[in-house]
Amino acid sequence: MTKTFVAVAGNIGVGKSSLTARLAERLGWEPFYEAVGENPYLADFYADMRRWTFHSQVFFLSRRLRHHHQLLRSPRSVIQDRTVYEDAEVFARNLHDQGYFDDRDYASYRELYEVLSLLLPPPHLIVYLKASVPTLLQRIRMRGRDFEQGISAEYLAQINRLYDHWVERFSLCPVLTICVDDLDFVHLDADMDRVAERVLQESGDVLREGVRHG
């Protein structure tokens, strides 16, 4: 059986971790989750974003690259919650656009990211979960994480724009875009079935195409 590597991308509150968990359970894949709580710079970052952005983003980049390496070595099919590409192309770019990421530090960060991303094999498929700002706000409220409750609609809208910009130009692997405004794959098995079927079909098509041209 051919090993599959799928990654789930999307804005805060869109359901990346939930879909990663459900697909891993449904398909017998090994899940890899992002390491937000392990970042030793987070408290400093939120206290002084201009001073600590570079440190925090380099930590996220290094941890994501380590996960990427680990999942490539796994003998099982794997599914990853958030990609290394999003850290740089969406969140680090947003910090730079807002003036929190110094130009010189950002250029160094981008150089590191671009070199390392070229060396790592990409996923077979990225599943981009897309939702409107009202849906994101509702889901953020429902999951009740205190540190997320102050996230503004304007911030979520800006992150959505950066995601769309990134996805339109991303070419390292196919991207399956799924609008989740009217989907509830956490509580409705029928919705989960639809998503799982599309992921299996798209990833299978990519693998078959690779075999033909490999």
Complete set of residues in segment 176-195 that are of a type in the set (A, V, I, L, M, F, W, C) and without any contact (Cβ under 8 Å) to a residue 60 or more places away in the chain: 176, 178, 179, 183, 188, 190
Output the number of residues of segment 53-74 satisfying the condition of being over 18 Å from the mean Cα position of the chain (by Cα) and surrounded by fewer than 18 Cβ atoms within 10 Å (Cβ to Cβ). 3
Restricting attention to segment 149-170, which residues are more than 14 Å from residue 138 (Cα to Cα) and β-branched (Val, Ile, Thr)? 159, 167
For segment 71-107, enumerate the residues that are among the polar types (S, T, N, Q), in contact (Cβ under 8 Å) with a residue 12 or more places away in the chain and farther than 14 Å from residue 6 by Cα. 94
Subset of segment 109-126 [surrounded by 13 or more Cβ atoms within 10 Å (Cβ to Cβ) and under 14 Å from residue 54 (Cβ atoms)]: 109, 110, 112, 113
Among the residues of segment 75-84, is any under 26 Å from residue 158 (Cα atoms) and surrounded by fewer than 18 Cβ atoms within 10 Å (Cβ to Cβ)? no
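I'd like the residue in segment 2-20 that is in a loop (DSSP other than H, G, I, E, B) and either in contact with a Cys (Cβ under 6 Å, 6 or more places away or on another chain) or on the phi < 0 side of the Ramachandran plot (or both) and, out of all such residues, is surrounded by the fewest Cβ atoms within 10 Å (Cβ to Cβ). Reasoning before the result, please.
Our first condition is that a residue be in a loop (DSSP other than H, G, I, E, B); within segment 2-20, this holds for 2-4, 11-15.
Subsequent filtering for residues that are either in contact with a Cys (Cβ under 6 Å, 6 or more places away or on another chain) or on the phi < 0 side of the Ramachandran plot (or both) retains 2-4, 11-12, 14.
On the way: 2: 11, 3: 14, 4: 20, 11: 26, 12: 16, 14: 26.
The extreme case among them is 2.
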Condition first: among the small types (Gly, Ala, Ser), in contact with a helix residue (DSSP H, G or I) (Cβ under 9 Å, 6 or more places away or on another chain) and not in a helix (DSSP H, G or I). Can you find one or more residues in segment 103-124 that meet it? no
Spot the failing condition for residue 55; the list is (1) outside any helix (DSSP H, G or I); (2) at pLDDT 90 or above; (3) in contact with a Phe, Trp or Tyr (Cβ under 8 Å, 6 or more places away or on another chain), and only one is missed. (1)
Against the condition outside any helix (DSSP H, G or I) and either at pLDDT 90 or above or surrounded by 17 or more Cβ atoms within 10 Å (Cβ to Cβ) (or both), how does residue 34 come out, does it pass? yes
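Answer yes or no as to whether residue 156 is of a type in the set (A, V, I, L, M, F, W, C), out of contact with any Pro (no Cβ under 6 Å at 6 or more places or on another chain), surrounded by 12 or more Cβ atoms within 10 Å (Cβ to Cβ) and in a helix (DSSP H, G or I).
Yes; evaluated as a whole, the condition is true for this residue.
The values are calculated or read from the model by the stated rules, or taken from the named source; none is laboratory data. None of these values were measured; they are calculated from a predicted model. Reconstructed Cβ throughout: ideal geometry from the backbone, glycine too, with neighbour counts over all protein chains shown.
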